[in-house]
1. Given the options Tyr61, Pro129, His87, identify the residue whose Cα lies farthest towards the positive end of the charge dipole of the range 1-129 (+1 on Cβ of Lys, Arg; -1 on Cβ of Asp, Glu).
2. If you count, for each residue, the other Cβ atoms within 10 Å and average over each peptide, how do 111-118, 43-50 line up from highest to lowest?
3. Select from Asn125, Asn107, Asn81 the residue whose mean-square fluctuation is largest in a Gaussian network model of the chain (Cα-Cα springs shorter than 10 Å).
4. Based on the Cβ-Cβ distance from Thr47 to Ala119, what FRET efficiency comes out when R0 is 30 Å, to the nearest 0.05?
Amino acid sequence: TVMNKKARTVKYQSQRDYIAANFASRTMRYTGVIFLIFLVWHLFDLTFTGTGYTYVRGLPYENVSNSLSRFPVALLYIVGNLALGVHLFHGAWSLFQSMGWNNPRFNSWRRNFAAGFAALIVIGNVSFPIAVLAGVVG
């Protein structure tokens, strides 16, 4: 913070040590904000009013198809879901750690479960905009 930097005019000599931290844990605050922005957009785009296309209440297939056929919107959905995947990976990893399964013999299982869980969600969610852009759905 600004107060901390003013209080200590000389920086620490060592670099940050990320032995226990990985990309997912270091970016939780950013992926959370990106996903929150995506979630608000998603709710306005497909649930409340539609954004920039003819929104018809009660026709979800047409609304999804019309919305995701716009490349910037599809890209937003893909980026938002990738952020969700990174966030879910760390969340699933930390869930088991909080339950007391923080042991070297469980680490590979936790990592594989977290990666598989996050990948399953992301692949499923990203398949929608890709299918619409590819013309498979429309």
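1. His87
2. Packing proxy ranking, top to bottom: 111-118, 43-50.
3. In the Gaussian network model the winner is Asn107.
4. For Thr47 and Ala119, the calculated efficiency is 0.70.
Values in this text are rule-based calculations from the coordinates and carry no lab data. Because the structure is predicted, anything quoted here is derived from the model rather than measured. Note that each Cβ is placed from the backbone with ideal geometry, even for glycine, and that neighbours are counted across all protein chains shown.
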